[in-house]
Amino acid sequence: MDRHPDTALVQGGRPEGPGAMLNTPIVLNSTYRVGGDLSYGRSGNETWEAFESVMGELEGGSAVAFASGIAAATAVLDLVPIGGTIVAPVSLYMGLWSQLKERAKDGRANVHFVDQTDVDAVLTAAQGADLVWLETPSNPLMQICDIAAIAEGLGDSTLLAVDGTFTTPLLQQPLALGADLVVHSATKLIGGHADLLMGVVIGSDELAEKLRDKRYAHGATPGSLEAFLALRGLRTLAVRLERAQANAQAIAEFLAESNHVTYVLYPGLSWHKGHALAATQMRGFGTMLSFELAAGHETAERLCNATQVFANATSLGGVESLMEVRGNRESERAMGTPHALIRVSAGIEHCDDLIADLTQALAIAHQG
Ligand SMILES: Cc1ncc(COP(=O)(O)O)c(C=O)c1O
């Protein structure tokens, strides 16, 4: 029986049969007696497999869990042969940008950074490329790119990978849109409670096998406790996402109305450049937004320090609302992120408290 993703989240990855435990336990084990499917702790683990089975069902592929989102992304980049070509967005998660720069500098890959919102530019750069990497919505500029159009235009020998961290499989399904691989930092919305680091890649059985080999060989294996927590986080993803997304929309609309704010980047705003595409490609506009204050960087810092509900902290996707001056980092500015850009991760607190907090913090920030 086909089940709704919201049901798969709750029901998937559980032991079955009479007398079975309802939850797959935290399996602490490094080796197995000869004769079964698993031989050593780096080749697999029952707790990871429970998490992977749910992620695979949600994305429509075979899932491989990793120690972190960046470990998952690294395994995908490692599918590119030495000297191969990678096409990536000009602006994306800065950790990946740094790694791509490093790969190019070390002569391990030719990396072309392109405007991912321009389908023709991506396809031109992708001629003869081994891998095209997309991130939509992008971190932190909230760019939306057309996964299906890019997938359709790519040659068979070019892999298309999409970082779906900001959307989770509930809001966007890159494999169904023609991508070969979807990568998530499970540290964020999937885990959902800012208490673990984990990543996951989903693709065909063949690609998943290659990625499992990379995981085994390079050792970027998740912890069993983390896999248990990520699976527990997944159980409530649908309801967390619904609340956090409504909060993000309300925050974006509130900020857009403020005289202190020059612009808000959130695909749920009708005037956002990617709004129409997001409305067809995504099932909701997500929990992340960015904005700038007219008064500039110092005021942005004061705002982030004046909030009482939002924590001034990096990361995203947890139940707790966070905000930070994203442009403080040199690598962000090198990608074109404005110095004073503030990135917001909407949590699941009551919306009235979030708006009241922003109201008082904006007043304090503009006093001094
Ligand atoms: C879009 C995106 N992808 C990947 C990552 C890396 O994930 P992790 O911190 O779990 O390694 C992050 C981290 O912030 C991210 O925002």
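Computed values, structure above
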quantity	calculated
Qualifying positions in the range 64-88 - more than 14 Å from GLU102 (Cα to Cα), crowded, with 22+ Cβ neighbours inside 10 Å and more than 15 Å from the ligand (Cβ to nearest atom)	VAL87
Criterion: in contact with a Lys or Arg (Cβ under 6 Å, 6 or more places away or on another chain) and in a helix (DSSP H, G or I) - qualifying residue of GLU332, GLU298	GLU332
Elements of type helices (runs of 4 or more DSSP H) contained in the range 1-83, each with 3 or more residues being under 19 Å from ALA220 (Cα atoms) and assigned by TED's automatic domain parsing to the domain that holds ASP205	46-59, 69-77
Verdict on THR314 being closer than 21 Å to LEU189 by Cα, loosely packed, with under 15 Cβ neighbours inside 10 Å and free of Cβ contacts under 8 Å to residues at least 40 places away in the same chain	yes
Residue that is outside the structural domain of PHE166 (by TED's automatic domain parsing), of a type outside the set (S, T, N, Q) and over 17 Å from SER185 (Cβ atoms), where the choices are ARG333, ARG326	ARG333
Any chance PHE285 is in contact with a Phe, Trp or Tyr (Cβ under 8 Å, 6 or more places away or on another chain) and either surrounded by fewer than 21 Cβ atoms within 10 Å (Cβ to Cβ) or not charged (D, E, K, R) (or both)	yes
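Residues are listed down the side, and each one gets a yes or a no for (1) at pLDDT below 95; (2) more than 13 Å from the ligand (Cβ to nearest atom); (3) polar (S, T, N, Q); (4) not assigned by TED's automatic domain parsing to the domain that holds MET335:
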| residue | (1), (2), (3), (4) |
| --- | --- |
| THR136 | no, no, yes, yes |
| ALA151 | no, yes, no, yes |
| LEU160 | no, yes, no, yes |
| THR187 | no, no, yes, yes |
| VAL200 | no, no, no, yes |
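The values are calculated or read from the model by the stated rules, or taken from the named source; none is laboratory data. Note that the structure is predicted; figures quoted are calculated from it, not measured. Here Cβ is always computed from backbone atoms with ideal geometry, including for glycine, and neighbour counts include all displayed protein chains.
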